[in-house]
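Data block below; observations after.
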Amino acid sequence: MLEELKKKVYEANEMLVEYGLVTFTWGNVSEITPDRKYIVIKPSGVDYKTMKPEDMVVTDMDGNIVEGDLKPSSDLPTHLVIYRNFKNAGGVVHTHSTMAVAYAQARRDIIPLGTTHADTFYGNIPCTRLMTPEEIGGHYEKETGNVIVEEFDRRGINPDEIPGVIVANHGPFTWGKDGKDAVEHSVILEEVAKMNYYAETLNQNIEPMQKELLDKHYLRKHGANAYYGQKK
C-alpha cells in the first residue's frame, strides 16, 4: 500500500541526515495522501542508517496504523493536528536542529533580518507560548499541535506564508506541499536562525528588515506576479 509514497517519505527523512538536521533519531518527516485520508510517517526511534522504505508506517487521520510492523513516530499526533488545520500542508517535518532549538529555548521568534529569510518566510517565524502543566501531562503531542495552531490563529498568521514554527523549549516544525518541500523549509529555517544569531550578536540593537524589502523578496517568488525561477 502506498509504496511510492513510502519511498518518497523515506527519501525525505534521509534528507534530514544529508543536511545535518538530525542527531541520532531526533527528527521525522511525514506526508499526507492527496485525498487527505492517510499519513505516511517515519517509525519511532529507528536509526536512519538501517531504516528502509518499507519501514515507513501508514496511518489514518485518527492515528490508527493501517499498514506497518513498527510504531509510528511519537510526534504523529502533532503532525495530524497540523494536517487537519493547515489545509495546504502536504508534508510535515520536526527536528531538533541546533540553532532553531536555541531560539526555542530562548523562547524567541526568528525575525526577518534579511532577504534569505524573506525568500521563504513572510514575517516572523513565531515561537509558541509555554504549554500548561495540564497540556504537558495530558495528550502532550496532540496539545503541541494545538498550541501551534493556536499561535497562528492568535497572531493571524497565514501558514502558507510562514511554513514553520518554533515550539517553546522544544524545537521547530515545518510544512510544505510535500515531505521534500517541508524538509527544504526546515533547512532554510535552521540557516536563517544561524544568520540571526550572528547578526544579533554583532548588533544587539538590530531591527527587522525593511517591509518594502521583505515584500519584494517574498512576492517575487510567491506572489501573483512572481518572476523568480523558470517557467514550468
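Computed values, structure above
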read-out: Search result, residues across the range 195-206 that are open to solvent by 70 Å² or more (accessible area, probe 1.4 Å) and closer than 15 Å to Ala118 by Cα; value: Met195
read-out: Residue that is nearest to the chain's Cα centre (by Cα), among those in the range 150-164 that are open to solvent by less than 10 Å² (accessible area, probe 1.4 Å) and hydrophobic (A, V, I, L, M, F, W, C); value: Ile162
read-out: The range 45-67, residues that are open to solvent by 10 Å² or more (accessible area, probe 1.4 Å) and closer than 21 Å to Tyr83 by Cα; value: Asp60, Met61, Asp62, Gly63, Asn64, Ile65, Val66, Glu67
read-out: Conditions (1) under 16 Å from the mean Cα position of the chain (by Cα); (2) open to solvent by 60 Å² or more (accessible area, probe 1.4 Å): number failed by Lys42; value: (2)
read-out: Condition check for Gly145: small (Gly, Ala, Ser) and farther than 26 Å from Tyr228 by Cβ; value: yes
read-out: Pair list, Cβ < 6 Å and 6+ apart or interchain, from the range 206-227 residues that are touching a residue at least 40 places away in the same chain (Cβ under 8 Å) to residues that are open to solvent by less than 70 Å² (accessible area, probe 1.4 Å) and part of a helix (DSSP H, G or I); value: Ile206/Ala199; Ile206/Glu200; Leu214/Ala118; His217/Thr115; His217/Ala118; Tyr218/Ala118
read-out: Residue match in the range 136-149 (condition: closer than 21 Å to Pro43 by Cα, within 14 Å of the chain's Cα centre (by Cα) and surrounded by 14 or more Cβ atoms within 10 Å (Cβ to Cβ)); value: yes
read-out: One residue from Asp153, Asp178, Asp160 being of a type outside the set (A, V, I, L, M, F, W, C) and free of Cβ contacts under 8 Å to residues at least 60 places away in the same chain; value: Asp153
read-out: The range 91-107, subset open to solvent by 30 Å² or more (accessible area, probe 1.4 Å) and touching a residue at least 40 places away in the same chain (Cβ under 8 Å), residue farthest from Gln210 (Cα to Cα); value: His96
read-out: Members of the range 193-232 found to be part of a helix (DSSP H, G or I), among the aliphatic types (A, V, I, L, M) and more than 22 Å from the chain's Cα centre (by Cα), listed by number; value: Ala199, Leu202, Leu213
read-out: Condition check for Leu130: in contact (Cβ under 8 Å) with a residue 40 or more places away in the chain and more than 13 Å from Thr78 (Cα to Cα); value: no
read-out: Members of the range 170-184 found to be out of contact with any helix residue (DSSP H, G or I) (no Cβ under 6 Å at 6 or more places or on another chain) and surrounded by fewer than 23 Cβ atoms within 10 Å (Cβ to Cβ), listed by number; value: Lys177, Asp178, Asp181, Glu184
read-out: Listing of strands (runs of 3 or more DSSP E) fully contained in the range 7-90 that carry 3 or more residues being free of Cβ contacts under 8 Å to residues at least 40 places away in the same chain; value: 38-41, 57-60
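The values are calculated or read from the model by the stated rules, or taken from the named source; none is laboratory data. All values reported here derive from a predicted model rather than from experimental measurement. Every residue, glycine among them, receives a Cβ derived from its backbone with ideal geometry; neighbour counts consider all protein chains shown. Ligands, DNA and RNA are stripped out before the accessible areas are found, and what is left, the full protein with its side chains, is counted by its heavy atoms. Shrake-Rupley method; radii C 1.70, N 1.55, O 1.52, S 1.80 Å.
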